[in-house]
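Working notes, structure below.
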There are 2 protein chains.
Amino acid sequence: MSEKEVVLLDFWPSPFGMRLRIALAEKGIDYEYKEEDLWNKSPLLLKSNPVHKKIPVLIHKGKPVCESLIALQYVEEVWPHKSPLLPSDPYARARARFWADYIDKKLYDLGRRTWATKGEEQEAAKKEFLDSLKLLEAELGDKPYFGGDKFGFVDAVLIPYYSWFYTYETCGNFSIEADCPKLIFWAKRCLEKESVKKSLPPQEKVYGFVLELKKRLGLL
Amino acid sequence: MSEKEVVLLDFWPSPFGMRLRIALAEKGIDYEYKEEDLWNKSPLLLKSNPVHKKIPVLIHKGKPVCESLIALQYVEEVWPHKSPLLPSDPYARARARFWADYIDKKLYDLGRRTWATKGEEQEAAKKEFLDSLKLLEAELGDKPYFGGDKFGFVDAVLIPYYSWFYTYETCGNFSIEADCPKLIFWAKRCLEKESVKKSLPPQEKVYGFVLELKKRLGLL
């Protein structure tokens, strides 16, 4: 058993895990970070998330919360006062949840297809990936953050993908900044925050991980 | 413009739409129901949900809320007092959200594959569909409802599929009750509630719709 009240089962390149690292940092919650080996999952992970067997899992006082968006809302509900991530207005909350859900439905899978596929499939993935980012950029508009003046829920959900951008661009041979300059500007603004900076791995490290992964999967 | 404050863009056989019908009925909210033709979507639907172009859309005071689980939480947050669907404890809320998310990730797609595919693919879908229902039955346990003694969030999310059970069973030639008797018992308990009874179409009507759909899709 951990001596800390909060434990995070995570895997360093996971954009889903990064969200929770950011939220916990934003709220100043002390926790134990436990790195998982996804090719040899720990008994604790399998016990904590028997349904999906996936990281991240947030364990609070021994009770596991699975699925990153749900764990993010749990963190928000247990520690609502410091650095609130969701607005109080129900319509603004629904809007934040809508875009977080959109990011979940689109970016991970499309991003993966920009580096794990070739030819026509890769070209289609790049186009759809950029279209999704452009839609997100339009939603951001001229606001500093997705929710307005303060870093919030959608920012925490989206910014982890920034650590994968170099991988997508290098493997897919395209430029995100050329199509979405404002989104890159937003990403750099987010990275000025200590909570974000310390939660995201360097882009080159993610790229190195993906090259290894491609070897392992026989994609090189 | 509608004269009512709440408008629901829906399509009668949609399990996603039924959730909102149930929640609005539970909370006693008067609304205008607008049936959509999914093969000829209305300008109002396309304007209200430009990203996914899907029903249901809940429009409240002219503002659209899309994606059924998000709209369900919106209804809960705007009208929290009558028939609360989510518990107040953050861990119990996370658990309800987890199972609602599980239902969304599994049942619609698997259910569709029990009637839209054949042979090995259909057999695999039937097995996975029943495995998912068994997992849900285990989560229900001996409680009257998923959240405990009162009808709540997970019940509202899952019960709409009951109106599709006859279709799955007849097209797939299998029995849900044989494998999940407690879940059927739960479903019948839910159907005793006026809010549920009036929100779900008869199973035979859904089956007739699916037979027509199979013709349209060239699956007969």
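The values are calculated or read from the model by the stated rules, or taken from the named source; none is laboratory data. Just so it is clear, the model here is predicted, and its values are computed rather than measured. Please note: Cβ atoms are built from the backbone with ideal geometry, for glycine as well, and neighbour counts cover all protein chains shown. For accessibility, only protein heavy atoms count, side chains too; no ligands or nucleic acids. Shrake-Rupley method; radii C 1.70, N 1.55, O 1.52, S 1.80 Å.
In table form, for the structure just shown:
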| quantity | calculated |
| --- | --- |
| Accessible surface of chain A, 1.4 Å probe, proportion on carbon and sulfur as whole % | 52 percent |
| Sequence ranges B:116-123, A:63-70, ranked by mean other-Cβ count within 10 angstrom, highest first | A:63-70, B:116-123 |
| Calculated log₁₀ intensity ratio I(q)/I(0) where the Debye formula runs over C-alpha points of segment B:111-182, q = 0.12, 0.16, 0.18 Å⁻¹ | -0.34, -0.58, -0.71 |
| Position B:HIS52, label points 7 Å along Cα→Cβ, spacing to each other copy in nm (shortest first, one decimal) | 1.6 |
| 24 Å Cα-Cα reach of A:LYS150 towards lysines, excluding residues that sit fewer than 8 places from it in its own chain | A:LYS27, A:LYS82, A:LYS134, A:LYS182, A:LYS188, A:LYS193, A:LYS197, A:LYS198, B:LYS63 |
| Modelled FRET efficiency - R0 22 Å, B:ASP131 with A:LYS41, Cβ distances, 0.05 increments | 0.60 |
| GluC sites (Glu not before Pro) within segment A:134-211: DSSP coil, no more than 10 neighbouring Cβ in 10 Å | A:GLU192 |
| All aspartates and glutamates inside 16 Å of A:LYS127 as judged from Cα atoms, apart from same-chain residues fewer than 8 positions distant | A:ASP109, A:GLU137, A:GLU169, A:GLU177, A:ASP179 |
| For chain B, accessible area per residue (1.4 Å probe, heavy atoms of protein chains only), Å² | 47 Å² |
| Estimated buried accessible area (total), pair A and B, 1.4 Å, Å² to nearest 100 | 2200 Å² |
| Whichever lysines have a C-alpha closer than 17 Å to that of B:LYS214, once near sequence neighbours (fewer than 8 apart) are set aside | B:LYS118, B:LYS205 |
| Unit Cα scatterers, Debye sum, chain A: log10 I(q)/I(0) for q = 0.12, 0.18 Å⁻¹ | -0.65, -1.41 |
| The protein assembly as shown: C-alpha gyration tensor shape, a/c 1.5 cut-off, then a/b vs b/c | rounded |
| Net length gained if the chain between B:LYS150 and B:ALA124 were fully extended (0.36 nm per residue, minus Cα distance) | 5.9 nm |
